[in-house]
Amino acid sequence: MRGFLKKWLPKDAALQEHRHLQGLMAKLRNARVWSLDRRSIAKGVAAGLLICYLPLPFQMLLAALLACLCRANISIAILITWLSNPFTFVPINLFICQVGAWVLGEKKPFSITRPALEWTRESIKMFAHEFYLWFSSLGKVYLTGLPIVSIGSALLGYMFVQISWRVAIYWRRKHKVRHQIIREL
């Protein structure tokens, strides 16, 4: 994986060509934001997970800026933001609402019912109004669940990378010692 990512990361000479972004370029020249070590990758995963659940445009830009501030791997942070995409948007937001409802103690945070819709001007206006009322009722539940899911997944992602990286090193060393013993026999 490290070799694959190194091919796609920008080189320092390519970064120096963009003189109009001098302030940002100083942060981008920091070796930590492109490093493929355990801490930088773990911070990049955490930054990406923290941003990816926010229903905002420009998630990749926000994740890159957060990664620069935290000296995390920018490419990993941007990659992780793609967990929320048009295919996963609805399940992720339903999960956020469920978490918010669970924390607030609400039994039924929302109901999904298919309204009878006729294709007339009045029925479409009524549908838009009903949809607005339904969506606005989710505000408290959604705004409670969003920071919990966002911060919780960022912490879990950070810990997962840290632990799995250490386990992989342990297994690699153990496997290497085992092969050395077999060769000596």
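Any read-out appearing in this document is the output of simple, stated calculations on the displayed coordinates, not a laboratory observation. A quick note: this is a predicted structure, and the numbers were derived from the prediction, not measured. Neighbour counts are summed over all protein chains in view; Cβ atoms, including those assigned to glycine, are modelled from backbone coordinates with ideal geometry.
For the range 60-75, putting each phi into the Karplus relation 6.51 cos²θ - 1.76 cosθ + 1.60 with θ = phi - 60° gives couplings of 5, 5, 4, 5, 5, 5, 5, 5, 4, 5, 8, 6, 9, 6, 5, 5 Hz, in residue order, rounded to whole numbers and with x for Gly and Pro. Each of K174, K43 was scored by other Cβ atoms within 10 Å of its Cβ. Arranged with the fewest first, they read K174, K43. For Y170, Y142, Y53, the sequence from fewest to most other C-beta atoms within 10 Å is Y170, Y142, Y53.
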